[in-house]
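The values are calculated or read from the model by the stated rules, or taken from the named source; none is laboratory data. Quick caveat, the model's predicted, so the values are computed rather than measured. Positions of Cβ are backbone-derived with ideal geometry, glycine not excepted, and every protein chain shown enters the neighbour counts. These accessible areas exclude ligands, DNA and RNA; they are computed on the full protein's heavy atoms, side chains included. Shrake-Rupley method; radii C 1.70, N 1.55, O 1.52, S 1.80 Å.
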Amino acid sequence: MGIGSLFIVNNKTSALCACKHWGPAVAFGACDKVLERHRLSAKSNVVGDVCVVDGSQYLFHVARGEITYVATTERETEPLMVIEFLTQLHVVLKSYFGDVTEAVLQEHHVTLYQLLDEMLDSGVPVNTHPGGLKALVPPPSLVNRVSSQVFGHQGVLVSDQDPSKALPLPWRSNGIKYASNEIYLDVIESIDATLDAEGRVLTSEVHGVVEVNCRLSGMPDVSLGLSNSHLIEEYNFHPSVRLSRFAADRVVSFVPADGTFTLMTYKVRAPDPRAAQLPLYIRPQATFGATQGRVSIVCGTKPSAEKPVEAVRLEVRLPARTSFADPTSTHGVATYDDASHSVLWSIETFPKDKTPCLTVALNMEESEGGGGGGGGGGSSSEKTARARTVSLQEIVDVQATFAVKGVGVSGIKVESVQVRNEKYTPSQGVRYHTRGGRVVVRT
Amino acid sequence: MSTGQDVSSFFPSVVMNIGEATFEVKVLVYIYLVRTAEQKPDEALLSINSFQKDLAHANPRVRALALRVMSSIRVNVIVPVVILAVKKCALDPSPYVRKSAAHAIPKVFRLDATRVEELVEIVETMLRDSTPFVLSSVVAAFQEVCPDRIDLIHRHFRKMCRMLVDVDEWGQARSALRTFLLLSYARTQFLRPDGAKKAAKKAEKRAREKPKMSALEAATSSSAAPEYLDDDHRLLLKSTRPLLQSQNAGVVMAVGALHFYLAPISDIPKVLRALVFAMRCKPESQLIMLKNICAMVATQASLFRTHFAAFYVHPADSLEMRALKLEILTHVATAENAPALLRELQAYLRSSNYEFVALTIRAVGRCAAIMPQIAAVCVRSLLELSLHPSEKVAGEAVVVIRALVQHNPGEHTHIVMRLVRRLEMLLAPAARAAVAWLAGGELYHRGKFLELSLDVVRRAIKNFASESDLTKLQILNSTCKLYVKDPTRVGPLLKHLFDLCAADPSVDIRDRVRVFKAMFAVGGNATPLATLKEKVVLCEKAAPRLPSPAAPTCAHALGSLSLFVEHAAPGYRPLPPHPLTQPSRAVREQYYNAANASSRDDGRKGRKGGFYSESESDSGSGSASSAGSDSDSDSDSDSDSDSDSDSSSGSGSGSSSDSSSGGDSDSGPSDAGKKGKVKKDADDSD
């Protein structure tokens, strides 16, 4: 039960950054299959592969940047628990070291092992809140680094305080002090939509995330009042949030964790699923012949959009038989990626007077015929078969991401932020963002 | 060490430092020790003394660490020492140390399973612990060491239910483990949520589509009627429900599984909503979620209808995920959503990922088989695909058409004729075989079709040598069928074919032709077998079923690794079946009553006074639990109406219930429960 061994691997160079065993030691070679799988899925540009079975070992893996976290187990375990732990491990490492890279992990590997020691006992996760862990394993700081330079040892690596006193809440330790107290919220809403070539909406959903950056002293008790909270259909919360309070009067009340964390995730109840809430329009057109093809896309902001749409990125997935593509755009930068057969078109800001347009000229290989294989009815019939097949219209998916600053699409707003239980009045602020989540336009 | 090199040669000099007073050095030595002790068991024994010293250290952090490291040393000889230490630490005043003790139990168990009795004893004492922080680890230990000892849980069941919401933060992931425990507990202690569900399950085993539907309807209708659930059963469901709002997908899944198995059907939609939402929130968990949802859908398709669009395929999905999504979509298809589904599937058919297209064709076929009203549209779009550039796709399309035609031959005559004419353009052996079968004309008897069939067979025989074995056999069969219908014209053709087959390299074909030669006497003497020829080639054939390519016929428990990998992983324990008769409730009641009389049992007080106040008074729990209650108390109390009433009334009701049960120990708890309820009503009216 639980995790047998944990490997932290650089998936680019296949170098081992760290490993820890809770049961019998598992050879590092077990990770080869994972890395191979990772490269494959990176090549075909898909996500979601999480588990590899290698002999008696079940390997779960989660990749973040150049680092892949691999957990092995030999016995029945809840797979989701392992996956959740690995993702959380990354969150913790990030809050300790900033960007997690091989070099960074090597530099702080003592702290890393301390952390692993605290996070897992006998392969079962114990505490994975960065805020709580910081009370047990102090993060590397400037003071530590200076003292290690001067005195030759690494300063305070582990605090020997009584954990039950230092850590009254698993996510918040005692005695946090800030010179200026502040709490900032980011409400990020992302739009998922699937559109067909005529611009009809097939599916549309809006999901929101509330991220908190909290730098408050002591043990504050924060409550958020939300407007239009009736629009929230599904939600989940950080463990600190009192669920019953929200269920009763829709007030999000919590003792915040220190630093940044995700307070809540919600799904917006769609007033009309057929209405596109996208601030953009994207009109793709595609034609393919036997050896050549052409894709053109027009993209622009809808007149109803209040704020400028920025950082638009369109990923155009061309058919697999594309051998070469030459994208030209009237605005923005377009590049063709040979490995994944896709064109990436990015527009930072839209020009005022004209609508950007992308044209991609394609060279295509002739489609894979029946050549050899089961042996069709002679060469003449094979030829006719090939001649007939190319008339099929292949689909081109356009995936879009974008960002609109300063406005939330759903109308859910944070009305009030109140901090109780402490004397100071913190500075506070709320920002709203809208983003393109999983927007797909089909031709 | 971190790079996996052998560092055991430094063992003595590193371990010497264990006596060092500084905590940091000690921690580093410990990390080293755990890693290398296996290679140097003898030297490792030398360090035991200093562990013993540390176990008596004043700082709980040091005690916990010493125990943790000591139990992690995988050397058999020290097991007795470790067990002693665990026993001692299990009663430590600091919850942090007790938690380490709980974690040490499974470690010792893995090292030496013969000590199980001593360990169970420790688990039993530790289950009495009332700090959620500790209890979650104890439960993990219980799961591993003695999952069969359900009897140990009886007295703690209610306490555990109440604590669920409260289990500290990520420790909530452990609540996944815990809910599994509760799940297996509930499965052995409570009846099925509604009797009809049993019928549904039986029906599902027996047949596929239709009986299941009716059974489901029966189930939904019966759940409308007032149903009987044990109070404790209800309590379990109620106390787990808030966990569906967890950020941890593992918790959501575990609770979802629990409710899926235990809750009455009317409650399940809520669970499904949470599951679908969790799937969206965590991209990594998608695949596993899908697999589980797929298993759920197979038994209760109607429940997922409202989430139809959540399972549309996204371009970034891996093939495995796409297969699962298609599987789910075909399960939830109904007459209402059929048009939307068909439009969606048709978009997938144009994908340039041919494997995915092949899967989609299967899905289209399955939908059409379920809903004959869309079959015509499906067959037409599949006919187009029979000319798909990919051999695999084209083959799949023809095979599916054949199956659909066989379901309902009357409707698709002209489609079949067009398909049959296309023989030359089809390359996949399976497709050619399917066409050859259709040309056999079993389904159609009209004169025009016969002409066409004859023509097809003639053309097929021309290239006979280059066909695949599968197709050859089918051509042979079809020609024989035609011979039965029109011996004079087909006769010479068949004779030629027999000659070709007799010289074929494949044993199967030579074998077949020997039988047929005896049956169909072309230009020879008829054998007695000849009378059987019609019966043999033109017998009634069952319409082919279109099995799902991703069929999860896996019966493992939801949320388990075994379900995900589709085989029983080592250590997998199947869910116990529901009992047929209600097991006695007394197993739980007795403890509560006894505890009442002495008025010191955790669970009892927890029930009335809210276990926070209780855990504060508990000598061992220290400040972790009391501080925890600051933030959690209301989250818990609202989810649990009993303690809700008490948070306002304080200890008053606690004492009243104590007195009532003191007077009449039999009716004690129910009495007290009623009082609590009355009290609550009064509060509500305020």
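Quick notes
- The number of residues in segment B:417-427 being away from every other protein chain (no Cβ under 12 Å), of a type in the set (A, V, I, L, M) and surrounded by fewer than 24 Cβ atoms within 10 Å (Cβ to Cβ) comes to 2.
- Of the listed requirements (1) touching a Phe, Trp or Tyr at 6+ places or on another chain (Cβ under 6 Å); (2) crowded, with 23+ Cβ neighbours inside 10 Å; (3) of a type in the set (A, V, I, L, M), B:V332 misses just one: (2).
Yes or no, residue by residue, for (1) at pLDDT 85 or above; (2) within 30 Å of A:V252 (Cβ to Cβ):
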| residue | (1), (2) |
| --- | --- |
| A:Y336 | yes, no |
| A:S340 | no, no |
| A:L344 | yes, no |
| A:K354 | no, no |
| A:E394 | no, no |
| A:S427 | yes, yes |
| A:V430 | yes, yes |
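- The condition (being under 27 Å from the mean Cα position of the chain (by Cα), assigned by TED's automatic domain parsing to the domain that holds A:D397 and among the acidic types (D, E)) is satisfied by just one residue among A:D326, A:D258, A:D338: A:D338.
- Candidate set from segment B:240-249 (those that are open to solvent by 10 Å² or more (accessible area, probe 1.4 Å) and assigned to a helix (DSSP H, G or I)); member that is nearest to A:E234 (Cα to Cα): B:Q245
- Matching residues, segment A:93-117, being within 20 Å of B:V27 (Cα to Cα) and either open to solvent by 30 Å² or more (accessible area, probe 1.4 Å) or facing chain B (nearest Cβ under 10 Å) (or both): A:L105, A:Q106, A:E107, A:H109, A:V110, A:L112, A:Y113, A:Q114, A:L116, A:D117
- Any hit, segment A:278-289, residues being touching a Phe, Trp or Tyr at 6+ places or on another chain (Cβ under 6 Å), closer than 26 Å to A:A42 by Cβ and surrounded by 13 or more Cβ atoms within 10 Å (Cβ to Cβ): no
- Any chance B:V398 is more than 20 Å from B:V332 (Cα to Cα) and crowded, with 24+ Cβ neighbours inside 10 Å: yes
- Matching entry among B:L500, B:L538 (being closer than 22 Å to B:W437 by Cβ, surrounded by 15 or more Cβ atoms within 10 Å (Cβ to Cβ) and at pLDDT 80 or above): B:L500
- Restricting segment A:231-252 to residues that are buried (at least 22 other Cβ atoms within 10 Å of the Cβ) and more than 7 Å from chain B (Cβ to nearest Cβ), the residue that is modelled with the highest pLDDT: A:V252
- Of the residues making up segment B:252-264, those that are more than 8 Å from chain A (Cβ to nearest Cβ), hydrophobic (A, V, I, L, M, F, W, C) and open to solvent by less than 10 Å² (accessible area, probe 1.4 Å) are B:V255, B:A257, B:L258, B:L262, B:A263.
- Total residues in segment B:100-135, condition touching a helix residue (DSSP H, G or I) at 6+ places or on another chain (Cβ under 7 Å) and within 11 Å of chain A (Cβ to nearest Cβ): 15
- Scanning segment A:80-104 for residues that are touching a Ser or Thr at 6+ places or on another chain (Cβ under 9 Å) and of a type in the set (A, V, I, L, M, F, W, C) gives A:L80, A:V82, A:I83, A:F85, A:L89, A:V91, A:V92, A:F97.
- Residues considered: A:T77, A:T13. Of these, the only one that is touching a helix residue (DSSP H, G or I) at 6+ places or on another chain (Cβ under 8 Å), of a type in the set (S, T, Y) and more than 7 Å from chain B (Cβ to nearest Cβ) is A:T13.
- Scanning segment A:174-192 for residues that are within 11 Å of another protein chain (Cβ to nearest Cβ) and buried (at least 16 other Cβ atoms within 10 Å of the Cβ), we see that the one that is modelled with the highest pLDDT is A:S190.
- Subset of segment B:324-355 [within 12 Å of another protein chain (Cβ to nearest Cβ) and touching a residue at least 40 places away in the same chain (Cβ under 8 Å)]: B:L324
- Scanning segment A:422-443 for residues that are of a type in the set (D, E, K, R) and facing chain B (nearest Cβ under 10 Å) yields A:R438, A:R442.
- Residue in segment B:92-128 that is farthest from A:I3 (Cα to Cα), counting only those that are touching a residue at least 60 places away in the same chain (Cβ under 8 Å) and in a loop (DSSP other than H, G, I, E, B): B:P93
- Contacts under 6 angstrom Cβ, first residue in segment A:416-443 being more than 30 Å from A:E315 (Cβ to Cβ), partner part of a strand (DSSP E or B) and among the hydroxyl-bearing types (S, T, Y), 6 or more apart: A:Q418/A:S223; A:G429/A:Y184
- Index of the failed condition, A:L80 passing every other in (1) in a helix (DSSP H, G or I); (2) modelled with pLDDT of 85 or more; (3) open to solvent by less than 10 Å² (accessible area, probe 1.4 Å); (4) not charged (D, E, K, R): (2)
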